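Notes follow once the structure below has been shown.
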Amino acid sequence: SQSGPDDMEWVGSAVEALARTDAAWGHFRGALGALDDAGWDRPLGDQFGPYADRPHLALALHAHAEVTHHAAEIGVLRDLYRETSAG
C-alpha cells in the first residue's frame, strides 16, 4: 500500500519543517556516505517497491534533481512573497 497526504504528520511551523528536513537530509547523506564503491551499483531492495532493482546511484541522482527542483521553487516563492508584501 502507498502512503498519501492523509498518512503524513504535518508540521506547524517553518522552524519545525526546517529541522525535520535537515534531519532527513542528514540521514540520507549518511546512508549514501556509508556506501563503498560497489554499493553504488547495488540494487535498492524490496523497500523501494517498483524501483527495487535500480542502483543506489539512481536514487542519489533522483534525490539531487528533486532537491534542486524544489529548492528553486522555494526561492521563487520567497522572491514573490518579498515583492508582494513589501508595499
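The values are calculated or read from the model by the stated rules, or taken from the named source; none is laboratory data. Computed from a predicted structure; not experimentally measured. Cβ atoms come from the backbone with ideal geometry, glycine included; neighbour counts cover every protein chain shown. Protein only, heavy atoms only, side chains kept; ligands, DNA and RNA dropped before computing areas. Shrake-Rupley method; radii C 1.70, N 1.55, O 1.52, S 1.80 Å.
The table below gives the values:
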quantity: FRET efficiency, 1/(1 + (r/R0)^6) with R0 22 Å, evaluated for Arg20 and Tyr81 via beta carbons; calculated: 0.55
quantity: Counted charge near Phe28, where neighbours are those whose Cβ lies closer than 13 Å (Asp, Glu -1; Lys, Arg +1); calculated: 0
quantity: Per residue convex hull volume, Cα atoms of the chain, in Å³; calculated: 131 Å³
quantity: Sulfur and carbon atoms: percent of accessible area, the chain [1.4 Å]; calculated: 59 percent
quantity: The chain: relative contact order as a whole-number percent, Cα under 8 Å and 6+ apart; calculated: 14 percent
quantity: DSSP-loop chymotrypsin sites (Phe, Trp or Tyr not before Pro) across the chain, with at most 11 other Cβ within 10 angstrom; calculated: Trp10
quantity: Formal net charge of residues neighbouring Asp41 (Cβ-Cβ distance under 12 Å; K, R +1; D, E -1); calculated: -1
quantity: Added length on full extension, which subtracts the Cα-Cα distance from 0.36 nm per residue, Ala60 to Phe48; calculated: 3.0 nm
